[in-house]
Amino acid sequence: MSAHTDTLPPAVPAPSAEDNDADRLRIVPVRRTGQWTAAVAVLVLLALALNSVIRNDAFQWDVVGDYFATTAVLRGLGLTLWLTALVMVLGFALGTLLAVLRLSANRVLQAVGWGYVWLFRSTPILVQLLFWFNIGALYPEILGVRTVNLLGPVTVAVIGLTLHEAAYAAEVVRGGILSVERGQLEAAQSLGLGPWRRFHRIVLPQAMRSIVPPAGNMLIGTLKGTSIVSIIAVQDLLYSVQLVYHRTYQVIPLLLVATLWYVAVTSLLSVGQHYVERHYARGTSDAR
């Protein structure tokens, strides 16, 4: 055999009739008639509902516009936002401590953390607020100071909401810490990193991926949950509009004012939560 024939490429088989038929086949997308029909029906129903709300004179949208940005309403909104921020900061600070207690190797500390979470998650927040509001009946004086003067309505609201939120924050933080693989801690310990550096540089950044979503839900829930303090005469957003409609008897439009403010603030918080989640999800498949 010559050198010329040795360098010839292998023969390519001629295409068969089946291959030609396959080339002529077209990819036809699946028809989703049922899904499109359902989507159109839902949109039509939403449009009808929205139209009925906008065109219904009983909602008194002109009154809503008149009271939406009044001084009393904005003052109540400011107190609601302040109370929400303070309760979340204090609640997560105490909740982090409780989470550390629950993860401690000391059985006594574990029991204390578990007992706190069990107690405050087992009783309604309204009962807790009413208890703290009437604490003067049990302890008229604390360290020589009368509790009537020491625990006003706003102080009672801060204490009651903080202690309640701390129980849930403890479980959120504990779940986030447990989500970090133990091998990460062992590797950091083998490098000689101290407990604080291990927590700050290794545990916390990874735990935040699991902490941020439920913490964001807690923040929104706390914002709406502060409306319950109106029962003890704290002039938050809801109590402020209640004072107005008790005087004007325009209940529906004033409740709409409060509702629109709650919707606006929770929407902004949801957007912020999205970007915080994306920040801590960098480098993972969840970053989007």
Problem set entry | In Hz, Karplus ³J(HN,Hα) per residue of segment 53-69 (6.51, -1.76, 1.60; θ = phi - 60°; x = Gly, Pro) | 6, 5, 8, 7, 5, 5, 6, 6, 5, 5, 5, 4, x, 5, 9, 4, 10
Exercise. What value, in deg cm²/dmol to 500, does the helix sum -39500 (n - 2.57) over DSSP H runs of n ≥ 4 give at 222 nm once divided by the residues of the chain?
Worked result: -23000 deg cm²/dmol
Problem set entry | Pairwise label distance in nanometres, TRP196 with VAL40, each label 7 Å out on the Cα-Cβ vector | 6.6
Seminar exercise, completed: Shape descriptor, segment 141-271: equivalent ellipsoid semi-axes (Cα gyration tensor, sqrt 5λ, whole Å, largest first) stand at 41, 22, 9
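Which whole-number value in Å² is the accessible area per residue of segment 47-173, probe 1.4 Å?
Working: 7360 Å² over 127 residues.
Result: 58 Å² of accessible area for each residue.
Take peptides 239-247, 169-177 and line them up by average Cβ neighbours within 10 Å, highest first, as a rough protection proxy.
Working: 239-247: 18.1, 169-177: 21.9.
Result, highest mean first: 169-177, 239-247.
Residues with beta-carbon under 15 Å from that of GLU171, excluding GLU171: net charge, scoring Lys, Arg +1 and Asp, Glu -1? Don't skip to the answer; put the middle values down first.
Values: positive: ARG102, ARG121, ARG174; negative: GLU165.
Local net charge: +2.
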Problem set entry | Approximate spin-label separation ASP57-TYR275, in nm, with each point projected 7 Å along Cα-to-Cβ | 4.4
Exercise. Along the charge dipole of segment 138-288, Cβ charges K/R +1 and D/E -1, which of VAL276, VAL148, VAL234 sits furthest on the positive end?
Worked result: VAL276
Problem set entry | Inter-site label distance for ASN217 and VAL108 at 7 Å from Cα along Cβ, in nm | 3.6
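May I ask you to derive the relative contact order of the chain, considering only C-alpha pairs under 8 Å and at least 6 residues apart, and to give it as an integer percent?
On the way: 235 pairs, mean separation 68.3, N = 288.
Answer for the chain is 24 percent.
Tell me whether segment 21-165 comes out rounded, prolate or oblate; compute the Cα gyration tensor, take square roots of the eigenvalues as a ≥ b ≥ c, and use a/c under 1.5 as the rounded threshold.
Since a/c reaches 1.5 but b/c is at least a/b, the shape of segment 21-165 is classed as oblate.
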Seminar exercise, completed: Once normalised by the length of segment 149-288, the mean sequence separation of its alpha carbon contacts under 8 Å that are 6 or more apart gives a contact order in percent of 24
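Where does segment 71-130 land on Rg(C-alpha)/(2.2 N^0.38 Å)? It would help to have the intermediate numbers written out before the result.
Details: Rg = 15.9 Å, N = 60, 2.2 N^0.38 = 10.4 Å.
Dividing the Cα radius of gyration by 2.2 N^0.38 Å gives 1.52.
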Exercise. Sorted by average packing, counted as other Cβ atoms within 10 angstrom per residue and highest first, what order do 130-141, 89-100 take?
Worked result: 89-100, 130-141
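So how much slack lies between ARG75 and THR155, counting 0.36 nm per residue of separation and subtracting their Cα-Cα distance, in nm? Each step should come with its number before you reach the end.
Working: separation 80, 0.36 × 80 = 28.80 nm, distance 1.75 nm.
The span from ARG75 to THR155 would gain 27.0 nm if fully extended.
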Exercise. How many percent of Cα pairs in segment 142-200 exceed 18 Å?
Worked result: 60
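If you scale each eigenvalue of the Cα gyration tensor by 5 and take the root, what three semi-axes come out for the chain, rounded to whole angstrom and sorted largest first? Walk me through the intermediate numbers first.
On the way: eigenvalues 603, 277, 43 Å².
Output for the chain: semi-axes of 55, 37, 15 Å.
The values are calculated or read from the model by the stated rules, or taken from the named source; none is laboratory data. These numbers come from a predicted model, not from an experiment. Here the Cβ is made from the backbone with ideal geometry for all residues, glycine too, and neighbour counts use every protein chain on show. The protein model used for the area step is the full one, side chains on, heavy atoms only, and it has no ligands, DNA or RNA in it. Shrake-Rupley method; radii C 1.70, N 1.55, O 1.52, S 1.80 Å.
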